């Protein structure tokens, strides 16, 4: 594991790491999943191979997850106790930018709602899904920063959940319409924030291995650091 860049914002450490996501000991790692949660190749395949069949079995029980949403399973034999399966968009399917933003927001909101202190994620959709790497880096860092600032704008869900919220406890989606309430009063916001406390998430790491996308993330982190220093 090689820590390439770190920036602290609102008491949370954001790290860019060159290394193996499946070796992270964060409370949860994020899987770049498809809507059917079939973890055959890429990051998803690596997670299941190391974590064991229980991850796929729990995913099968969840079933279909629309693009832009996420679901959670145990981590099996992984060091991480949980896996958050985020379904990012395939490039060319339409409305890709909003769908990726929603996926990142849902991951962060789910992690906060579970009280996790640390999460580790890959560059969602930038692999075989073909999302442009520079734009992926920009969106992920922007959404992390907006989440920590409590200023993320909720976009309409690309595919509303067909079941009542209480019947999909393992899944997570943003509200179907923009929330008019202040961040601290939102049901999907960071739970601790509603009591005037800081967010539970203290470490958010992005694990990368491709040199090209690493360069884009380092650039975005540099811009974030300048903004942070100026506040």
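The values are calculated or read from the model by the stated rules, or taken from the named source; none is laboratory data. Everything numeric in this text was worked out from a predicted model, so none of it was measured. Cβ: placed from backbone, ideal geometry, glycine included. Neighbour counts: every protein chain shown.
Looking at the stretch 83-98, which of its residues are in contact with a helix residue (DSSP H, G or I) (Cβ under 9 Å, 6 or more places away or on another chain) and in contact (Cβ under 8 Å) with a residue 40 or more places away in the chain?
Within the stretch 83-98, 83, 84, 85, 86, 87, 88, 89, 90, 97 qualify.
Provide a single number: the residues in the stretch 45-82 that are without any contact (Cβ under 8 Å) to a residue 60 or more places away in the chain, touching a helix residue (DSSP H, G or I) at 6+ places or on another chain (Cβ under 6 Å) and either within 20 Å of residue 99 (Cβ to Cβ) or surrounded by fewer than 15 Cβ atoms within 10 Å (Cβ to Cβ) (or both).
1
When the stretch 10-44 is examined, which residues are found to be touching a helix residue (DSSP H, G or I) at 6+ places or on another chain (Cβ under 8 Å), under 14 Å from residue 118 (Cα atoms) and either assigned to a strand (DSSP E or B) or at pLDDT below 95 (or both)?
Selection gives 12, 14, 16, 28, 29, 30.
I need a count of the residues in the stretch 72-118 that are in a strand (DSSP E or B) and under 23 Å from residue 60 (Cα atoms). Quick ask: steps written out before the conclusion?
So in the stretch 72-118, the residues in a strand (DSSP E or B) come out as 72-74, 82-87, 118.
Pick out the ones that are also under 23 Å from residue 60 (Cα atoms) and you get 72-74, 82-87.
Residues flagged as in a strand (DSSP E or B) and under 23 Å from residue 60 (Cα atoms) within the stretch 72-118 amount to 9.
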